[in-house]
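*Asks:* Pasting in a structure now, in structure tokens, and then I'll have a few things to ask.
Bear in mind that the values in this text are calculations on the coordinates, not laboratory data. All values reported here derive from a predicted model rather than from experimental measurement. Please note: Cβ atoms are built from the backbone with ideal geometry, for glycine as well, and neighbour counts cover all protein chains shown.
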Amino acid sequence: MTSSPDPLRFDPLDRDLILSGLETRWLGRNLRLYNQVSSTNDIARSLAQRGERGIVILAETQSKGRGRLSRSWESPRGGIWMSLILQPYIPLDLACRINMAVCVAACRAISCLLDLDTGIKWPNDLIIKGRKVGGILMEICADGQRLDYAIVGLGINSNIDPSAFPEDWMATSLSHELGSEISRSALIQRTLLEIERAYEVMGSDEIYDEWRRRSVTIGRMVRIASNKGELVGEVEDLADDGAILLRTSGKLVRVLAGDCVHLRRMVGL
Ligand code: ADP
């Protein structure tokens, strides 16, 4: 018997409850739940080095949660902080497809389970009504041109009061958007199922098309800091290798990785 908790009802994180309603074939069948960790990605990395794959690490809080470029990610109690260890047999230059698949999967889970329209700010933020509700941090280990394994950290502000965060982060949470707390167990179950499904077809147009469709960055004026320096321009499109295509000073420039700030739309323009 599987059990799926009511998505709109708070529940404490409980490993047995999550496992009892988990519909995945392999992802998260091995699940570890911690009260507090430095970061779930750190725990995942040490397990990956010992050969673990498919395992999911969950924690109630992280004392040193990370975003990209070692920026800190606040991880108070009430959120979903989890990491997965994946081992796709793909060349290194397709690794961005993992990020794409997980972004799409997390959006599908939140949108379908909670009826909240969720978008993606390039390259890895989850957005509801223009505010950041979560993020994905992928760290890879490569052996030459071959991807050995990927650690994917996923943070979702679920039952959190976002007013505790600085306003300039433009953060939100699921409970704030819905006006009620949610069942993290139900969302974890659904998210893992959607990740498993998306991961298995991550090279397909289906995932790329939905990644573009859910993008809140296409069409925006942005400022991007990358190894090409700082660029300001309008985002024309996203390429299937994860790159952003930016129209700047009349030229179309491809940027594969960088920091992206959405600039305010100007009235009359
Ligand atoms: P970016 O969103 O610019 O890509 P990162 O993915 O590196 O940034 O995430 C780190 C940044 O996100 C922090 O510098 C902070 O501004 C913001 N942040 C940290 N914790 C949270 C959180 N729980 N919810 C929303 N934003 C957060």
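*Asks:* Mean projection of the alpha-carbon convex hull of the chain over all orientations, in nm²?
*Replies:* Details: hull surface 58.8 nm².
The orientation-averaged projected area of the Cα hull of the chain comes to 14.7 nm².
*Asks:* Please work out the Cα center distance from the stretch 215-256 to the stretch 103-119, rounded to the nearest Å.
*Replies:* Spelled out, the Cα-based centre of one part sits 25 Å from the other.
*Asks:* Please identify every one of the trypsin sites (Lys or Arg not before Pro) in the stretch 66-104 that sits in a loop by DSSP and has no more than 14 other beta carbons within 10 Å of its own beta carbon.
*Replies:* Of the trypsin sites (Lys or Arg not before Pro), the ones in loops of the stretch 66-104 whose Cβ has at most 14 other Cβ atoms within 10 Å are Arg71, Arg77.
*Asks:* Next question. How much net charge surrounds Ile43 when only other residues with a Cβ under 12 Å from its Cβ are counted (Lys, Arg +1; Asp, Glu -1)? Provide the component values of the computation, followed by the final result.
*Replies:* On the way: positive: Arg32, Arg45, Arg50, Lys64; negative: Asp42, Glu52.
The answer is +2.
*Asks:* Can you give the calculated 222 nm mean residue ellipticity of the chain, where each DSSP H run of n ≥ 4 adds -39,500 (n - 2.57) and the sum is split over every residue, rounded to the nearest 500 deg cm²/dmol?
*Replies:* Values: 6 runs with 66 residues, N = 269.
Calculated at 222 nm, the ellipticity per residue is -7500 deg cm²/dmol.
*Asks:* Separate question: Less than 12 Å Cβ to Cβ from Leu154, Lys/Arg counted +1 and Asp/Glu -1: what total charge do the surrounding residues give?
*Replies:* Within the 12 Å Cβ shell, the charges total -2.
*Asks:* For Lys251, list the aspartates and glutamates whose Cα falls under 13 Å from its own Cα; do not include residues on the same chain fewer than 8 positions away.
*Replies:* Leaving aside aspartates and glutamates fewer than 8 places away in the same chain, those within reach of Lys251 are Glu234, Glu236.
*Asks:* Which net charge results when you count Lys and Arg as +1 and Asp and Glu as -1 among the other residues whose beta-carbon is under 13 Å from that of Ser72?
*Replies:* Net charge in that neighbourhood comes out at +3.
*Asks:* Let me ask something additional. Measure nothing but the geometry: give the 0 to 90° angle between the long axis through the Cα atoms of 96-114 and the longest principal axis through the Cα atoms of the chain, rounded to 10°.
*Replies:* Tilt relative to the chain: about 60 degrees.
*Asks:* A further question follows. Which angle from 0 to 90°, rounded to the nearest 10, does the C-alpha axis of helix 184-200 make with the longest principal axis of the chain?
*Replies:* Approximately 60 degrees, to the nearest ten.
*Asks:* What is the angle, in °, between the Cα long axis of helix 40-49 and the longest principal axis of the Cα atoms in the chain? Nearest 10 is fine, range 0 to 90.
*Replies:* 80 degrees
*Asks:* Another one. List the lysines whose alpha-carbon lies under 19 Å from that of Lys121, not counting same-chain residues fewer than 8 positions away?
*Replies:* Those lysines meeting the cut-off are Lys129, Lys132.
*Asks:* Which order do the peptides 160-171, 204-215 take when ranked by the mean count of other beta-carbon atoms within 10 Å per residue, highest first? Walk me through the intermediate numbers first.
*Replies:* Values: 160-171: 13.3, 204-215: 16.7.
Highest mean packing first, the order is 204-215, 160-171.
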